[in-house]
Every structure is written in structure tokens, then in C-alpha cells.
1. Residues with amide H under 5 Å of Ile24's amide H, sequence separation 5 or more or different chain, H placed in the peptide plane at 1.01 Å from N; which?
2. Please get the size of the charge dipole for the range 51-183, origin at its Cα centre, with Cβ charges of +1 on Lys and Arg and -1 on Asp and Glu, quoted in debye to the nearest 20.
3. So in the chain, what percent of DSSP beta bridges are antiparallel if you round to the nearest 5?
4. So, taking all protein chains as they sit and a 1.4 Å probe, how much accessible area belongs to His56, in Å² rounded to tens?
5. Using a 1.4 Å probe, what is the accessible area per residue for the range 191-269, in Å²?
6. Once phi is turned into θ = phi - 60°, what whole-Hz ³J(HN,Hα) does the Karplus curve with 6.51, -1.76 and 1.60 give for every residue of the range 199-216, x standing for Gly and Pro?
7. Calculate, for the range 1-150, the solvent-accessible area per residue in square angstrom, rolling a 1.4 angstrom probe over the heavy atoms of the protein chains.
8. Would you mind computing Rg(Cα) / (2.2 N^0.38 Å) for the chain, counting N as its residues?
Amino acid sequence: MSAQAPVKRVTVPQIMQAKGAAPIVALTAYTAPMAMLVDAHAEIILVGDSLGMVVHGMPSTLGVTLDMMILHGQAVMRGSRRAMVVIDMPFGSYEESPEQAFRNAARIIAETGCGAVKLEGGSRMAPTIRFMVDRGIPVMAHVGLTPQATNVMGGFKTQGRDQASWPVHLADAQAVAEAGAFSVVVEGVMEALADRITEAVPIPTIGIGASARCDGQILVLDDMLGLSGRVPRFVRKFGDLGDRADQAIAEYAAAVRDRSFPDDTQVYR
């Protein structure tokens, strides 16, 4: 009997070749069971720093630590076999210098085995991206609405409403592409601006609150499954697991209180 061939993970060149060819499916995951579910359908699993809010109940992503990202990254790697796993670099782990960014990214990759890291910022982060890529770190960039900079932006505000600001966003996307990023998340920007960015850069754009014409799309898994409560306008709920879970928990509580659980099939005699 021949051994089953190992499943090969999606690679950076495969993601880059998808530009203009086939839509790239990306989703977040933070645990092994969810990664297992997503792995069958997505090319990219992002271990996003959104885990601070989604999993740990933080008010923003700013309190997420490098150790937290590594811990959840290890879980997602265990639960997945095929998708490329990309791990967010948390706030404060890469902004100080290219050397700091490389050191922390190398630790993430060494301790998790993930395929790439993601960091936020456009033109200002281009030198750091180049430094990392030149030293063997695959980087996914992130422009537009950058959640780690919400204190500077004054909150989660759609970018590009004023057409006069478009050249800045276009320059950001072009700068990270020229620096060697293999793809770029375009978040929270006007549709026409997202289209312009997708046309202007040679690397795949992954949209979130952007445009259906981006080269791929990503959502926070818990948002699209209805597990997060109030969600941004750009999220489509593809499931209502929150309501179903609430109903199941209520039924369990009622069964405990009326002593119908456990019954004869759930005890040992």
C-alpha cells in the first residue's frame, strides 16, 4: 500500500501568480478547530491581531503582544495543512526599526512555521519591508484603514472619501509593492480607490471593505459567522452561529435545571 502524498501548502509565488487570474480566498482564524474548517476552502489563513478583540475581549488590537500572536499562530498551524498561514505583527513589534521588525518576524516564523507575516503601513514602512524581504521574510502589507493607527486616524474611518487624498493611498500601495511585499490588504477605502490601487500595483490586492474587483477578499471569520455581535457595514453574515449557539446553550441550561440531562444514554451503569 502506497503512502498518501503529503498536502503541500500554498506558496508565495502561487499567491502572486493569482493576480488578475483567480480570486484569492482569505479568512482569519485563531484556533486549531477553526483553522481546520477554513483550510479546506481558503488560500490564505490570517492569524490577525483582531484576536485581541474577537478572542480576548480587548477594546482594540493595541494590547496584543508578540507572544499572543505566536501562541495562536502555533494553534492555527496545527489545525491547517494546505492554506498559507500569515501572522500579523502586533503594534510595537516592528515600527521602531527594520532590525526590530526582522528580529520579531524571524521569531514568529521560527516558532510557528508560518508562511509569512503581515504589517500595517504604506510608504513609511517600505524601507522596513525591503529590509525584511531581502533577509528572507515574506511580507504581506496593509494599507488604507490601518487599525493599529486608529488613535492617529481618530477611529475606524473610511479612507479616500476625499478624492484629493487618493494619490497618498496609491503611493502607499505602490511603495510596499516596490519594496517587495507579495500582496497587500486594502481595507476600508472607497470602491473606486480600491479599483485604482488594484490596477496600479503588480501584486495581489486583498480587499476588506474595499471592492469586489480586488484580487482577493478577507473577512474576520467570527464576523461572517455571526459570532461577533455588531459588525461593520462591509461584512456579510454568511451564518448566524451566534443565535444558534445561544439557543443550544439555553436548551442545555433548561435540561440541567429540569434534570432531563443527563438521561440514560449519557450515564454509565
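1. Gly216, Gln217
2. Using Cβ point charges on Lys, Arg, Asp and Glu, the range 51-183 gives about 380 debye.
3. Bridges in the chain that DSSP calls antiparallel: roughly 5 percent.
4. 90
5. Each residue of the range 191-269 exposes 68 Å² on average to a 1.4 Å probe.
6. With coefficients 6.51, -1.76 and 1.60, one gets 6, 7, 10, x, 9, x, 9, 10, x, 8, x, 10, 8, 5, 8, 4, 6, x Hz.
7. Averaged over the residues of the range 1-150, the accessible area is 44 Å².
8. Normalised by 2.2 N^0.38 Å, the Cα Rg of the chain equals 1.10.
The values are calculated or read from the model by the stated rules, or taken from the named source; none is laboratory data. Since we're looking at a predicted model, the values are computed, not measured. A quick note on method: Cβ atoms are made from the backbone with ideal geometry, for glycine too, and the neighbour counts reach across all protein chains shown. Protein only, heavy atoms only, side chains kept; ligands, DNA and RNA dropped before computing areas. Shrake-Rupley method; radii C 1.70, N 1.55, O 1.52, S 1.80 Å.
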